[in-house]
Every structure is written in structure tokens, then in C-alpha cells.
Amino acid sequence: MAIKIEMLRCFRAVADTGSLAEAATSLGRTPSAVSMMLRQFEDHVGAPLFETGRKSHLTPLGQLIRQEAARELAHFERTVAAIEGLAKADHGHVRLVATPSIVQVVLPPILRQFMNRHPDVQIDLRDADSITVEEDLRNERVDIGLASIGPVAGYGRQKLLSDPFGVICPAEHPLASEAMLTWDALLGQTFIAHGLCPLIEDPEFQPILESATLMVHNTGSILNLVRAGVGFTILPRLAILPQNGDLAFVPLRTTPASRDVYLFTPETNRQTPATKAMVAAILSAEIQEY
């Protein structure tokens, strides 16, 4: 007969109390059931664990086994607690990747609330451009993605928000004084292209894009180049929120172009409880659109 965890529990309870009756009470069992379990344990060990039938004193072997039993029971209880925590999303690990503006503006209040509710869940958050987000999803390096990309096999895709495009220029630039701009106002200006430009399908934008001689993929680098007076660009409104006071966002009058941000989540049978909880937190959040 193999040693069962209940044998160890009964032995520890009797060793701790020195009494079958008290051990039975602490375990919620009858004294006869505890006695039978203890007898099976001693039969398996092949030697007595108590010096007398009253169970008040352990044999030298019993003392050694008591130490091992305590260690094993503590390990088992930690394992059970960890399993239950994972099932209830009290523990676990969630990997997220999102475009920089979403990480900077949209996710902070969501993460703050999630971490208050699930303080022991480990969160791995990275910011990346949309191409990298798509690669991470396709290679299953993340659990959740937020970006402006098309469908990805194996993931659900839900629209999270729409973010309008506008002109980004230094706050002191003449363009910044305009309430709205047309494409004509941008002709002849030095334009900094980037990976989101293909989302703007307006034909009047194409000459401006084709004239660009500088392509930059990182949003932070784009904004720094604009600050330095290298040129201007067109980005979604969230790209310069909330700490870029030295830059201006000027809406475009002639186009409804916007960036649609989508939430990508694994198929339901691939979601851990922690991932499900994070998805629920994102979908239930009140996200401001601009």
C-alpha cells in the first residue's frame, strides 16, 4: 500500500496532540478511523512510531518521520494553495504587448485596478510597434495584444477604440496655431513617415507620403525628431498624451482617417484564469476616445 497524504495528516495530528481522540476532533474524523489510518501507516513503515498505545511519546524513528511528514504536508498545502490561486486568478502570469501610446495612456488605469484586485498575478508588459505586436502574437510569445493590425490566426479580435490622426508639430510652429489643417497646408513641408501611414487611405495624403525621405519606426524617436525641428508627422491623438506639452496636435479637416485599436486575445480554451481576468478588466474599462 502506498503512503497517502491522509496517513501523514493523521500521524501528524496524533503526534502533535498525543491523543487519538484529540487528533480525531482536529481532523473531523472518528477516533477509530484515525486509529485505522495510523495502523496502516505503521504497517507500511514496518516499525512502531509511538512508544506506547497511548500515543503520547514518539519512538526515535517516529520523531524523524514526524519531521519529514511536516515538510511534506507543508509542501502539499503550498501546492494546493497555488493550484487554487491559479484557478481563481489569484496567481498566474499574463504577457501583454501593445503599441507605445496604448501603454502610456490607456493601460495605466486598467493595470492599477487589476493589480489591486489580483496583487499576486505576474504581469509582463512590453511596448512595440504594430508589426512587432503581430509577430509576437503569431509566435505565441504573448497572451494579449493591443494594436492596429488585421486578424491573426488563433486570436479573437475586438475593436477597443478609434483614435483620429492629426498633424504633430512643435508647439511654436506656425501650423500649431491653426484650429484645423487641410492636406494642402502640408505640401512642401518635410514629412517624417512611419508604420501607421498606410492606415491613411486618403488620396490627397499620398503625395505627402511619397515625398518623405525619412522613415522612422519608433514613436518616441519620431516625437524627438519633431521636437528637434527635423520635420512634422501625422500620428493618432494618443501619441502625444499626456506629457508632450512642447508638441501640438492639430486635427485634419479634410479626412476622417483614424487608427482603430484592436484587442487580441487567445481562443477561450487557451486562456488561463489570469488571462481571462485581464481581458475582462480591459473590456470593462471606460476608455476615452478622442
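The values are calculated or read from the model by the stated rules, or taken from the named source; none is laboratory data. This is a predicted model, so every value here is computed, not measured. Note that we place each Cβ from the backbone using ideal geometry, even for glycine, and neighbour counts take in every protein chain shown. With ligands, DNA and RNA removed, areas are computed over all heavy atoms of the protein, side chains included. Shrake-Rupley method; radii C 1.70, N 1.55, O 1.52, S 1.80 Å.
Structural remarks
- When region 207-220 is filtered for residues that are buried (at least 17 other Cβ atoms within 10 Å of the Cβ) and modelled with pLDDT of 90 or more, the ones remaining, listed by number, are Ile208, Val216.
- First in region 155-180 and in a loop (DSSP other than H, G, I, E, B), second anywhere and of a type in the set (Val, Ile, Thr), Cβ under 7 Å, 6 or more apart: Glu178/Val250; Met180/Val250
- Any hit, region 221-243, residues being farther than 27 Å from Ile131 by Cβ and open to solvent by 80 Å² or more (accessible area, probe 1.4 Å): no
- Residue satisfying all of: in region 24-48; among the charged types (D, E, K, R) and assigned to a helix (DSSP H, G or I); least open to solvent (accessible area, probe 1.4 Å) among these: Glu42
So that you can scan it fast, the table gives a plain yes or no per residue for (1) closer than 30 Å to Val14 by Cβ; (2) small (Gly, Ala, Ser); (3) open to solvent by less than 20 Å² (accessible area, probe 1.4 Å); (4) at pLDDT 90 or above:
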{"residue": "Lys88", "(1), (2), (3), (4)": "no, no, no, no"}
{"residue": "Val103", "(1), (2), (3), (4)": "no, no, no, yes"}
{"residue": "Leu111", "(1), (2), (3), (4)": "no, no, no, yes"}
{"residue": "Phe114", "(1), (2), (3), (4)": "no, no, yes, yes"}
{"residue": "Arg126", "(1), (2), (3), (4)": "no, no, no, yes"}
{"residue": "Asp129", "(1), (2), (3), (4)": "no, no, no, no"}
{"residue": "Glu135", "(1), (2), (3), (4)": "no, no, no, yes"}
{"residue": "Gly145", "(1), (2), (3), (4)": "no, yes, yes, yes"}
{"residue": "Ile168", "(1), (2), (3), (4)": "no, no, yes, yes"}
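- When each of Thr265, Thr272, Thr254 is tested for being modelled with pLDDT under 90 and under 25 Å from the mean Cα position of the chain (by Cα), the lone residue that passes is Thr272.
- Residues (open to solvent by less than 30 Å² (accessible area, probe 1.4 Å) and aliphatic (A, V, I, L, M)) located in region 260-290: Val261, Leu263, Ala274, Ala277, Met278, Val279, Ala281, Ile282
- Within region 185-206, being at pLDDT 90 or above, open to solvent by 30 Å² or more (accessible area, probe 1.4 Å) and part of a helix (DSSP H, G or I) holds for Pro203, Glu204, Gln206.
- If the condition is being out of contact with any Cys (no Cβ under 9 Å at 6 or more places or on another chain) and crowded, with 16+ Cβ neighbours inside 10 Å, then region 9-23 contributes Arg9, Cys10, Phe11, Arg12, Ala13, Val14, Ala15, Thr17, Ser19, Leu20, Glu22.
- Verdict on Asp143 being touching a Ser or Thr at 6+ places or on another chain (Cβ under 8 Å), farther than 14 Å from Val261 by Cα and of a type in the set (Asp, Glu): yes
- Of all the listed residues (Glu6, Glu51, Glu68, Glu77), the sole one being over 30 Å from Met278 (Cα atoms) and loosely packed, with under 13 Cβ neighbours inside 10 Å is Glu68.
- Filtering region 54-65 to residues that are open to solvent by 40 Å² or more (accessible area, probe 1.4 Å) and in a helix (DSSP H, G or I) leaves Pro60, Leu61, Gln63, Leu64.
- Which listed residue, of Arg141, Arg126, Arg95, is under 30 Å from Leu235 (Cα atoms), in a loop (DSSP other than H, G, I, E, B) and not β-branched (Val, Ile, Thr): Arg141
- Being outside any strand (DSSP E or B), closer than 19 Å to Pro164 by Cα and in contact with an Asp or Glu (Cβ under 6 Å, 6 or more places away or on another chain) holds for only one residue in Leu209, Leu238, and it is Leu238.
- Region 218-246 residues that are over 15 Å from Pro170 (Cβ atoms), paired with ones that are among the basic types (Lys, Arg) (beta carbon under 6 Å, 6 or more apart): Pro236/Arg259
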